[in-house]
């Protein structure tokens with residue numbers, strides 16, 4: 001089993017999403033002794049934002065009038081590598097806290113690269129995987145309820161990951177949700 005563990009919260013190890021993703025990976029490793037884990041901390045090692053030329057390069061809409069420099073080529077190769085590690089995963093454990101009503105910008109950058117590249121690979125078979133989507137945050141008073149905001153946030157993320165070929169998305173908001181998702185994983 002290949003596990004891709006992604007954290008994106010900038011608040012460090014005390015963040016709820018980081019604690020839950022760590023517990024999920026620990027439990028998965030206990031269930032599958034031969035599991036391999038690839039870890040990315042998008043807050044500690046952020047990717048660069050997708051520029052116009054990079055977007056053109058990774059979406060295969062390159063304008064030959066723009067010179068392809070070594071830095072841009074490296075960014076395009078890194079994007080392809082990110083999509084490959086995503087596709088190689090059997091289980092993705094993703095810490096996706098809500099930050100100012102949206103995904104953290106570091107997570108959005110990672111998703112931008114995957115989604116653009118996935119759009120160029122239509123027709124290719126997608127690898128099915130399970131996503132443990134750990135959402136947290138949203139201490140916003142007043143207006144729309146926090147529960148409604150979190151539900152809408154999770155729904156948007158689920159749609160993006162379904163486009164990427166994820167066959168099963170389990171939204172995890174706490175340790176009880178995690179245990180339920182892991183029980184289903186173990187039974188599968």
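Numbers below:
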| read-out | value |
| --- | --- |
| Qualifying residue in the range 107-116 (condition: modelled with pLDDT under 95 and in a loop (DSSP other than H, G, I, E, B)) | no |
| From 73, 61, 18, residue being crowded, with 20+ Cβ neighbours inside 10 Å and either closer than 30 Å to residue 1 by Cβ or more than 12 Å from the chain's Cα centre (by Cα) (or both) | 18 |
| Residue list for the range 30-61, filter: outside any loop (DSSP other than H, G, I, E, B) and modelled with pLDDT under 95 | 30, 31, 52, 53, 54, 55, 56, 57, 58 |
| Some residue of the range 63-86 being within 23 Å of residue 21 (Cα to Cα), in contact with a strand residue (DSSP E or B) (Cβ under 8 Å, 6 or more places away or on another chain) and touching a residue at least 40 places away in the same chain (Cβ under 8 Å) | yes |
| Among residues of the range 132-150, those that are under 17 Å from residue 94 (Cβ atoms) and modelled with pLDDT of 60 or more, counted | 7 |
| Residue selected from the range 76-104 under the condition assigned to a strand (DSSP E or B) and under 27 Å from residue 31 (Cβ atoms), by the criterion nearest to the chain's Cα centre (by Cα) | 94 |
| Residues of the range 22-37 satisfying the condition of being exposed (fewer than 15 other Cβ atoms within 10 Å of the Cβ) and touching a strand residue (DSSP E or B) at 6+ places or on another chain (Cβ under 7 Å) | 36 |
| Identity of the residue in the range 148-177, outside any helix (DSSP H, G or I) and surrounded by fewer than 16 Cβ atoms within 10 Å (Cβ to Cβ), that ends up nearest to the chain's Cα centre (by Cα) | 167 |
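The values are calculated or read from the model by the stated rules, or taken from the named source; none is laboratory data. Here the structure is a predicted model, which is why all the values come from computation and not from measurement. Note that we place each Cβ from the backbone using ideal geometry, even for glycine, and neighbour counts take in every protein chain shown.
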